[in-house]
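Trainee: I have a structure here, written as structure tokens, and I will follow up with some questions on it.
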């Protein structure tokens, strides 16, 4: 008799990625409810989770969490395959491509804050490149570049400080945890 379902093995890493992706998706949904005075400028709260995953579990896990966040966030917000989905995907992809070599830089000089700023600039850069190729004239985007660059610097710095504090926060067992909360 043939079973009517396929059972796939689920590892501890799979469960961890699912939990962290759920956290990133939750932050994406919460952020969508925050009104923005400038379209396209958001604090990138889910990027806190992505950077924590990168620093704790590596690039591959961060790529999984980021991809799941973009896809599931778009499904839940009803924007799958809409321009916002593609802009989010482009930003996430370029951010991950920037973080891949950046995480190998000396941690003495390139900690969570600088990595977060680099990721924020990669994210907005990916979005602006796609918008310039597809949606808006490049001249119009160049006029908006200072606004987006300032937002990337500010939010990248704030998110990096949050990541640094989370990584430095002690856990009851004495170990460090990417999902602990600051005091």
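Just so you know, all these numbers are worked out from the coordinates, no wet-lab data involved. Everything numeric here is computed off the predicted structure, so don't read it as measured data. A quick note on method: Cβ atoms are made from the backbone with ideal geometry, for glycine too, and the neighbour counts reach across all protein chains shown.
Trainee: Quick check on my filter: what residues within segment 150-171 are more than 22 Å from residue 123 (Cα to Cα) and surrounded by fewer than 14 Cβ atoms within 10 Å (Cβ to Cβ)?
Mentor: Those that are more than 22 Å from residue 123 (Cα to Cα) and surrounded by fewer than 14 Cβ atoms within 10 Å (Cβ to Cβ): 168, 169, 170, 171.
Trainee: Out of all the residues in segment 33-47, is one or more assigned to a helix (DSSP H, G or I), out of contact with any strand residue (DSSP E or B) (no Cβ under 6 Å at 6 or more places or on another chain) and farther than 24 Å from residue 147 by Cα?
Mentor: So the first thing to find is which residues in segment 33-47 are assigned to a helix (DSSP H, G or I), and the list is 46-47.
Next, only the ones that are out of contact with any strand residue (DSSP E or B) (no Cβ under 6 Å at 6 or more places or on another chain) stay: 46-47.
Still in the running and farther than 24 Å from residue 147 by Cα: none.
No, that holds for no residue.
Trainee: Related question: Anything in segment 1-17 that is loosely packed, with under 14 Cβ neighbours inside 10 Å and not in a loop (DSSP other than H, G, I, E, B)? List them, or say none.
Mentor: Here is the first cut: in segment 1-17, the residues loosely packed, with under 14 Cβ neighbours inside 10 Å are 1-15.
Scanning segment 1-17 gives 12, 13, 14, 15.
Trainee: Considering only segment 101-143, how many residues are assigned to a helix (DSSP H, G or I) and either in contact with a strand residue (DSSP E or B) (Cβ under 6 Å, 6 or more places away or on another chain) or touching a residue at least 12 places away in the same chain (Cβ under 8 Å) (or both)?
Mentor: Of segment 101-143, the ones assigned to a helix (DSSP H, G or I) are 101-102, 112-134, 138-143.
Then drop every residue that is not either in contact with a strand residue (DSSP E or B) (Cβ under 6 Å, 6 or more places away or on another chain) or touching a residue at least 12 places away in the same chain (Cβ under 8 Å) (or both), which leaves 102, 112-131, 134, 141.
Qualifying residue count for the region: 23.
Trainee: Would it be correct to say that residue 17 is closer than 23 Å to residue 147 by Cβ and touching a helix residue (DSSP H, G or I) at 6+ places or on another chain (Cβ under 6 Å)?
Mentor: Numbers: closer than 23 Å to residue 147 by Cβ: no; touching a helix residue (DSSP H, G or I) at 6+ places or on another chain (Cβ under 6 Å): yes.
So residue 17 fails the test.
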